[in-house]
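The values are calculated or read from the model by the stated rules, or taken from the named source; none is laboratory data. All values derive from a computational prediction rather than experimental measurement. Methodologically, a virtual Cβ is constructed for each residue, glycine included, from the backbone with ideal geometry; neighbour enumeration extends over all protein chains shown.
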Amino acid sequence: MKIGVLGPVGSGKTSLIINLTEYLVKRGLKVGIITNDVVSHNDAITIYNTLVDQKKILNKENVLGIVTGGCPHTAIREDPSLNLRALEILNNRDKFDVIFIESGGDNVMSSFSPLLADYTIFVLDTSAGDKYPGKGGLGIFESDLLVINKIDLAPYVNADLEKMRRDATKVRKNKPFVFVSLKTGEGLKELHSVLEGEIKSESVARD
Ligand SMILES: Nc1nc2c(ncn2[C@@H]2O[C@H](COP(=O)(O)OP(=O)(O)OP(=O)(O)O)[C@@H](O)[C@H]2O)c(=O)[nH]1
Ligand SMILES: [Mg+2]
């Protein structure tokens with residue numbers, strides 16, 4: 001299953017992928033990761049340092065970093081050729097249950113080409129205030145799962161989580177969303193159970 005993770009700069013995409021990979025690997029799943037950065041390999045290096053070097057739960061061959069050199073949005077939608085090639089390379093290396101693809105930090109209109117992702121997670125940052133998700137945007141409307149992250153920071157920016165809940169319910173209609181803090185662990189149980197359910201139904205549909 002290919003899971004695309006996208007959202008604004010610094011919202012917690014890499015932190016989310018690290019957390020989810022740890023969770024899934026502990027449950028016996030094989031996970032690969034592709035990161036997109038605009039001008040660096042920063043995210044791939046963070047993932048390598050955490051999951052390969054420190055925690056030793058991933059082989060280094062399971063992580064590929066792409067430098068898009070331009071608009072991150074283009075690399076996951078209009079011209080996904082670099083990411084398609086990265087997927088091909090990973091799939092030639094091993095048989096993965098899940099491959100995460102992290103987009104470079106982008107705006108609320110970004111979305112994944114269906115060629116790249118079977119399932120998409122849009123990550124919002126509560127410390128940017130409570131105006132989103134209410135202001136909307138393609139990624140917020142259409143992602144399969146909206147993760148409203150950094151709720152531990154809400155009091156510092158007067159972000160009203162109930163307003164965010166009402167707005168998310170309204171703009172996403174019946175699509176799911178979860179409130180989490182990747183720092184304190186709040187909400188992660190719900191996030192893990194939503195994701196596990198999706199992975200199970202995808203694998204039943206495939207078999
Ligand atoms: N307080 C707090 N900090 C968080 C949380 N999640 C992530 N962070 C911090 O936010 C910063 C950015 O997190 P990343 O995971 O790198 O965000 P990103 O979306 O991958 O960033 P880019 O790839 O650069 O767009 C890091 O310093 C994280 O430690 C959270 O729930 N609470
Ligand atoms: Mg990142």
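Of the strands (runs of 3 or more DSSP E) lying entirely inside the stretch 85-196, the ones with 2 or more residues being more than 14 Å from residue 4 (Cα to Cα) and without any contact (Cβ under 8 Å) to a residue 60 or more places away in the chain are found at 177-179. Here are some residues: 60, 55, 13. Which one is within 18 Å of residue 183 (Cα to Cα) and more than 9 Å from ligand 1 (Cβ to nearest atom)? None of the other options fit; the residue is 55. Please tell me if residue 117 is buried (at least 19 other Cβ atoms within 10 Å of the Cβ), under 28 Å from residue 40 (Cβ atoms) and of a type outside the set (Ser, Thr, Tyr). The answer is yes for residue 117. There is no residue in the stretch 170-190 that is crowded, with 20+ Cβ neighbours inside 10 Å, modelled with pLDDT of 95 or more and more than 16 Å from ligand 1 (Cβ to nearest atom).
The set of residues in the stretch 28-65 that are crowded, with 16+ Cβ neighbours inside 10 Å, in a helix (DSSP H, G or I) and within 11 Å of ligand 2 (Cβ to nearest atom) comprises 43, 44, 46, 47.
Confirm whether residue 19 is under 26 Å from residue 191 (Cα atoms), within 16 Å of ligand 2 (Cβ to nearest atom) and outside any helix (DSSP H, G or I). Steps first, answer last, please.
Numbers: under 26 Å from residue 191 (Cα atoms): yes; within 16 Å of ligand 2 (Cβ to nearest atom): yes; outside any helix (DSSP H, G or I): no.
No: the conditions fail for residue 19.
Residue count for the stretch 98-153 satisfying the condition of being over 18 Å from residue 33 (Cβ atoms), among the aliphatic types (A, V, I, L, M) and either within 16 Å of ligand 1 (Cβ to nearest atom) or touching a Cys at 6+ places or on another chain (Cβ under 8 Å) (or both): 9. Here residue 77 passes the criteria (1) away from ligand 1 (no atom under 15 Å from the Cβ); (2) within 22 Å of residue 21 (Cβ to Cβ) except the one numbered (2).
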